[in-house]
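Please treat every number below as a calculation from the coordinates, not as lab data. Since the structure is predicted, the reported quantities are computational estimates derived from the model, not experimental observations. Every residue, glycine among them, receives a Cβ derived from its backbone with ideal geometry; neighbour counts consider all protein chains shown.
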Amino acid sequence: MNLVYSCVFFNEKYIILIEKLLSSFYNHNKNNNICYLIISTSKFEEKIRNICKNIGLNFDIWTRDICNSDKSIDNIYEATYSRYAIYQYPNINNYNKILYLDTDILVINNLNPLFDIELSNLLYTLYEDSNNNRLVHCALFDEKEFTIAKKNKDTFTTAIILFINNTIMLDIIKNIYQSIEHHHRISNGPLPCYDQPIVNKLAYSNKIVNNKLLNNYCINIALSDGVNKLSEISKYLICHFATDVGDANSKIQRMSIAETIL
């Protein structure tokens, strides 16, 4: 069996996003041997459980006591790196391959082609351009590193992550989680785009990411992209609506438009 999972914390409007995501997943994968895990807070558990039951999902909910800070900026930061806590999930050993999806995503087609890929001990992510805003991906890069990463198109979004489930990969993810958690403890505030610059830096230094393969299966729709780009998404398996972090309204709007097209 394989696992798909998402995280819902901090902003209750993200429950609207997860319902759209889960519905799109079920529409194309109802007969697949996949469990869908939602990592969330006990505050949201009942609403999410009801959504999953109404859809008819094979699901699990794992509640974690995070995002309890009085500072909203800390809450958002904790929410963004909760995805890397997956190595602590009690039932992790039940699954062969694991796919993480942000909530601002629609599943467009059956996911079997993704899970049929023979994976190496790498995190498979989706390329995202660093040209317009270096800090989103490369806030921790020096100029030489940034020049090389830009030339080689090494940067990526952490909205979609696919990996094989083994001890090597879980150790890599544990290291990412602990690195971000350490940065959170010692810094005055998060980096732009929260977890993403740290993971891009770790990937660049340790060669733990393949950000090319998923480009054949997944697409990013950025806030700057016109609505006409939505006409392209039907040929992909997954579409990520990459608007600003925490801006649920813009994500709901784009996803709702896409639902009318599909």
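Overview of results
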{"quantity": "Rg over Rh [alpha-carbon atoms, Kirkwood Rh] for the chain", "calculated": "0.93"}
{"quantity": "Cα centroid separation, the stretch 8-81 to the stretch 150-174 (Å)", "calculated": "21 Å"}
{"quantity": "Potential extension, Leu223-Asn133 segment - 0.36 nm per residue separation minus Cα distance", "calculated": "31.1 nm"}
{"quantity": "Calculated P(r) of the stretch 138-246 - Cα pairs past 17 Å, %", "calculated": "62 percent"}
{"quantity": "DSSP-defined antiparallel bridges as percent of all bridges, the stretch 2-261, nearest 5", "calculated": "35 percent"}
{"quantity": "Rounded to the nearest 20 debye, dipole of the chain from Cβ charges on Lys, Arg, Asp, Glu", "calculated": "320 debye"}
{"quantity": "Integer Hz, Karplus 6.51/-1.76/1.60 couplings in order for the stretch 47-61, x for Gly and Pro", "calculated": "5, 5, 4, 5, 4, 4, 5, 5, 6, x, 6, 8, 9, 9, 10"}
{"quantity": "Length-normalised contact order of the chain in % [C-alpha pairs under 8 Å, at least 6 apart]", "calculated": "23 percent"}
{"quantity": "Residue-averaged 222 nm ellipticity for the chain, from DSSP H runs of 4+ at -39500 (n - 2.57), nearest 500", "calculated": "-12000 deg cm²/dmol"}
{"quantity": "Set Lys13/Lys153; Lys43/Lys201; Lys97/Lys174; Lys43/Lys251 screened for pairs whose C-alpha atoms are more than 28 Å apart", "calculated": "Lys13/Lys153; Lys43/Lys201"}
